[in-house]
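Student: The structure's right below; bear with me while I get my questions together.
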Amino acid sequence: MKNKNTVFLAVLTLSCLLLVASLSGCSSNSKSDSESKKSSTETSQDKKTDKEPVDTGEPAASAGIFEDYTEELVTSASSGDRIILFFHADWCPTCRSIEKDINSNLSDIPDGTRILKVDYDSEDDLKKKYGVRSQYTMVQVDNSGNKIDLWNDSFSLSDILKTAV
């Protein structure tokens, strides 16, 4: 009888741990500053793909960019450019999935759009400046670095482009 109770408790404990792990991830249910003007009912992974970008040595068909954040990339943008800061953590599975989708669809980044990957773990001043509380947060800024919008419910390049103003 004692052996059956031990097995039952072990199975129950393992089940609880799996449930907690599957529900926690690195997600947050924070809503966008512009939630009232944007629909959050769209599917989050419409364009999931396993293809990696191939460097052909030719310039990309799109003039939009996806690069690591530098202040110069923000300030050198034209006044009409869309600049989106993607707060990314290497340890975050959601961040890695978003980055993989962006890299798989680089040619879909439109001319005048800059998606800049910000290191969530080291850019504390930027997190504070824009009110970022979780990784995989997107912040749209103008070329002076002023916040236009903040959201964290985009899980693909398509979602990011639909949400950005």
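Student: Return only the number of the condition from (1) within 17 Å of V74 (Cα to Cα); (2) outside any loop (DSSP other than H, G, I, E, B) that K128 does not satisfy.
Tutor: (1)
Student: Does at least one position in region 147-155 carry a residue that is free of Cβ contacts under 8 Å to residues at least 24 places away in the same chain and either among the β-branched types (V, I, T) or in contact with a helix residue (DSSP H, G or I) (Cβ under 9 Å, 6 or more places away or on another chain) (or both)?
Tutor: In the first step, residues of region 147-155 are kept if they are free of Cβ contacts under 8 Å to residues at least 24 places away in the same chain; the result is 147-148.
From what is left, the residues that are either among the β-branched types (V, I, T) or in contact with a helix residue (DSSP H, G or I) (Cβ under 9 Å, 6 or more places away or on another chain) (or both) are 147-148.
Within region 147-155, one or more residues are free of Cβ contacts under 8 Å to residues at least 24 places away in the same chain and either among the β-branched types (V, I, T) or in contact with a helix residue (DSSP H, G or I) (Cβ under 9 Å, 6 or more places away or on another chain) (or both).
Residue-wise test of (1) exposed (fewer than 11 other Cβ atoms within 10 Å of the Cβ); (2) touching a His at 6+ places or on another chain (Cβ under 8 Å); (3) at pLDDT 95 or above; (4) more than 20 Å from F155 (Cβ to Cβ).
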{"position": "S40", "(1), (2), (3), (4)": "no, no, no, no"}
{"position": "G57", "(1), (2), (3), (4)": "yes, no, no, yes"}
{"position": "A60", "(1), (2), (3), (4)": "no, no, no, yes"}
{"position": "I109", "(1), (2), (3), (4)": "no, no, yes, no"}
{"position": "R114", "(1), (2), (3), (4)": "no, no, yes, no"}
{"position": "Q140", "(1), (2), (3), (4)": "no, no, yes, no"}
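The values are calculated or read from the model by the stated rules, or taken from the named source; none is laboratory data. Since the structure is predicted, the reported quantities are computational estimates derived from the model, not experimental observations. All Cβ positions, even for glycine, are placed from backbone atoms using ideal geometry, and neighbour counts span all protein chains on display.
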